[in-house]
Amino acid sequence: MSRVCIVANLVTQINYNKGISYIGVDYGSIYCMHNQIPLHCAIGDFDSIDPTQLQELKLYTNVIQLPCEKDEVDTECAIRYASKRFEEIDVYGVTGGRLDHFMIIYQLLKKGDIDFRIIDDQNIIYLLKPGVHKIKNSSKYISLYPLEKLILSIEGCKYNLDTVDVDEYSVHLSSNEIEEDEAIIKIDGRLIVMQTNEIKKDVNY
């Protein structure tokens, strides 16, 4: 199955995997170039880099330059481009900065016409559609956010549920923990999953 990693402006670290492809978005392309990560292409209006960097990037990979004035943000354009060429899409570098830009990508995820994951150092965010889903135990916490009224069952977690009615205002489904090798989630509607980890910080008093 073909997989692509979209590297956007706010990326801080990417572990290169030669088994997948990479698309750089705006300054994320420069990050990849400086870290010698091969790119399928670079996409963006490139208003955050100087002309010298852009010329260097054009020698490094195929550049798809977008107009500065447009209806979509650069990362959304990259996701739509990738959806026509790859089966799995992971998006890095869209969290931790401007919330308006993040919400555009989050709204695109919620819409559900393109399947992708939003990933950073602490979080993996993705959409589940109606059905039975197996979730690997790969994070400290798992939180569920229904997008509509649905019936939910959870198995393999610290707090399990059996055919419970929930809706988009159900806020008690966060900070659960997977206690088995995997959790099983059964739903008849759509919900957002956030798998999260703590980042330990030294505190001096």
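General remarks:
- Taken over segment 45-78, the criterion of being closer than 20 Å to Arg117 by Cα and not charged (D, E, K, R) is satisfied by Val73, Thr75, Cys77, Ala78.
- Given (1) within 17 Å of Ile119 (Cα to Cα); (2) surrounded by fewer than 19 Cβ atoms within 10 Å (Cβ to Cβ), index of the condition Cys32 fails: (2)
- All conditions in (1) on the phi > 0 side of the Ramachandran plot; (2) not in a loop (DSSP other than H, G, I, E, B) hold for Ala42, with the sole exception of (1).
- Boolean, Lys129 is closer than 27 Å to Val73 by Cβ and either out of contact with any helix residue (DSSP H, G or I) (no Cβ under 9 Å at 6 or more places or on another chain) or in contact (Cβ under 8 Å) with a residue 60 or more places away in the chain (or both): yes
- Exclusive hit being in contact (Cβ under 8 Å) with a residue 12 or more places away in the chain and charged (D, E, K, R), set Asp162, Asp181, Asp113: Asp181
- Residue ID - modelled with the lowest pLDDT, chosen from residues in segment 42-64 that are out of contact with any helix residue (DSSP H, G or I) (no Cβ under 8 Å at 6 or more places or on another chain) and within 23 Å of His101 (Cα to Cα): Asp47
- For the criterion of being in the same structural domain as Ala8 (by TED's automatic domain parsing) and under 30 Å from Glu179 (Cβ atoms), Tyr92 passes.
- Single residue of segment 145-166 satisfying the filter (under 23 Å from the mean Cα position of the chain (by Cα) and not in a strand (DSSP E or B)) that is surrounded by the most Cβ atoms within 10 Å (Cβ to Cβ): Leu147
The values are calculated or read from the model by the stated rules, or taken from the named source; none is laboratory data. Keep in mind the model is a prediction, meaning the values are calculated, not measured. Positions of Cβ are backbone-derived with ideal geometry, glycine not excepted, and every protein chain shown enters the neighbour counts.
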